Amino acid sequence: MAEETLQDLLKEGGAMPAEEGVLQRVAVVGAGTMGLGIAQAIAQKGMEVLVVEKDEASLEHSMNQLDINIDREIARWSMTESDKRATLSRIRGTVDLSELEEYQLIIEAVPDTLQTKKELFARLDTFANKNAVFVTNTSVLSVTELAEGTIRPDKVIGMHFLNPVPKRPLVEVVKGLQTSTETIEFVKRFAEAIGKTVVEVYESPGFITTRVVLPMLNEAMYALMEGVASAEGIDTAIRLGYDFVQGPLQLADQMGLDEVWSWLDAMFRETGDSKYRPCPLLRKLVRAGHHGVKTGRGFFEYDENGRVIRAAL
């Protein structure tokens with residue numbers, strides 16, 4: 001596998017993992033909320049996943065969290081115990097980056113900051129085989145800038161998954177300036193193999209989904225802070241008025257308020273547009289450690305299965 005090229009993998013009938021045994025293994029580096037979601041989504045489609053964390057304690061915590069996440073889905077009747085066993089049997093954890101040498105596709109899902117991702121890619125270059133494709137799961141960062149720090153800029157590409165990854169059928173595929181057509185096709189076929197609808201986007205801050213949704217979330221927070229209505233009232237108005245599945249404040253809680261703050265801050269700095277200036281109320285909640293569903297409290301309070309109990313504000 002280590003010596004195969006992307007052309008070998010993309011031969012007719014060769015990119016569908018379950019059919020021909022090609023690309024049956026994928027590595028995910030970083031096992032936070034997004035990394036675990038990506039690993040679960042891939043494993044549920046029959047592929048083996050290697051999850052890489054920075055140390056044993058973090059790895060153990062992440063594997064325990066994955067177990068909890070799947071139990072929550074079982075409680076909602078969206079998975080069975082049999083599904084859980086099958087999914088977990090395909091996911092293995094490690095802290096040893098040298099194991100990445102045998103993987104053709106490596107997806108990083110570390111915190112969405114430029115320096116963190118650049119440093120990681122530099123380390124991955126040392127361990128990964130020369131033909132491996134590097135995928136960055138970023139919401140706002142430049143794929144081109146990340147690729148410049150690697151020895152394989154033609155094999156670096158963005159895949160913006162949305163949270164919760166196993167339930168969101170979309171992935172934005174983002175081409176950097178030097179990303180090859182071969183890499184794009186390889187990644188698109190991988191995305192389709194795990195059941196995702198691909199939307200190709202030009203590199204631009206926030207791409208499509210983040211760019212469009214953040215101003216709505218931010219404005220809902222300002223409306224709450226200014227006393228226009230309660231959190232429940234704002235979410236009910238938007239949910240029923242526009243036929244949304246959930247309101248903007250609950251959606252922000254689900255995304256993770258710390259992540260939403262990070263994206264808004266990055267977009268504000270990148271564009272200078274005031275519509276991305278993070279709401280002070282959001283800053284206050286993040287500083288208090290109230291990050292939404294994952295901490296049990298954000299704009300709403302949540303039970304252990306992630307269901308809303310009551311408005312928190």
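The values are calculated or read from the model by the stated rules, or taken from the named source; none is laboratory data. The shown structure was predicted, so the numbers you read here are calculated from the model rather than taken from an experiment. All Cβ positions, glycine included, derive from the backbone under ideal geometry; neighbour counts span all protein chains shown.
What to note about this one:
- Test result for residue 109, hydrophobic (A, V, I, L, M, F, W, C) and over 13 Å from residue 51 (Cβ atoms): no
- Which listed residue, of 277, 269, 283, is in contact with a Phe, Trp or Tyr (Cβ under 8 Å, 6 or more places away or on another chain), closer than 22 Å to residue 142 by Cα and surrounded by fewer than 17 Cβ atoms within 10 Å (Cβ to Cβ): 277
- Selection count, region 102-124, where residues are closer than 22 Å to residue 58 by Cβ and either outside the structural domain of residue 26 (by TED's automatic domain parsing) or among the charged types (D, E, K, R) (or both): 6
- Out of 165, 110, one residue alone is outside any helix (DSSP H, G or I), under 25 Å from residue 209 (Cα atoms) and in contact with a Leu (Cβ under 7 Å, 6 or more places away or on another chain). It is 110.
- Only residues that are of a type in the set (Asp, Glu) and in a helix (DSSP H, G or I) were counted across region 29-65, and they come to 2.
- Test for residue 74: is it in a helix (DSSP H, G or I), modelled with pLDDT under 95 and either within 20 Å of the chain's Cα centre (by Cα) or in the same structural domain as residue 119 (by TED's automatic domain parsing) (or both): yes
- Some residue of region 226-245 being surrounded by fewer than 16 Cβ atoms within 10 Å (Cβ to Cβ), polar (S, T, N, Q) and either in contact (Cβ under 8 Å) with a residue 12 or more places away in the chain or within 19 Å of residue 307 (Cα to Cα) (or both): yes
- Filter result for the condition that a residue is within 22 Å of residue 251 (Cα to Cα) and either without any contact (Cβ under 8 Å) to a residue 24 or more places away in the chain or among the β-branched types (Val, Ile, Thr) (or both), over 143, 156, 171, 133: 171
- Cβ-Cβ contacts under 9 Å between residues 6 or more apart (or on different chains), taken from a first residue in region 25-53 that is not assigned by TED's automatic domain parsing to the domain that holds residue 161 and modelled with pLDDT under 95 to a second residue that is in a strand (DSSP E or B) and small (Gly, Ala, Ser), are absent.
- Note on region 79-99: residues that are under 20 Å from the mean Cα position of the chain (by Cα) and either part of a helix (DSSP H, G or I) or farther than 30 Å from residue 129 by Cα (or both) amount to 2.
- Residue 223 meets each of the listed conditions (1) closer than 21 Å to residue 165 by Cα; (2) surrounded by 14 or more Cβ atoms within 10 Å (Cβ to Cβ) apart from (1).
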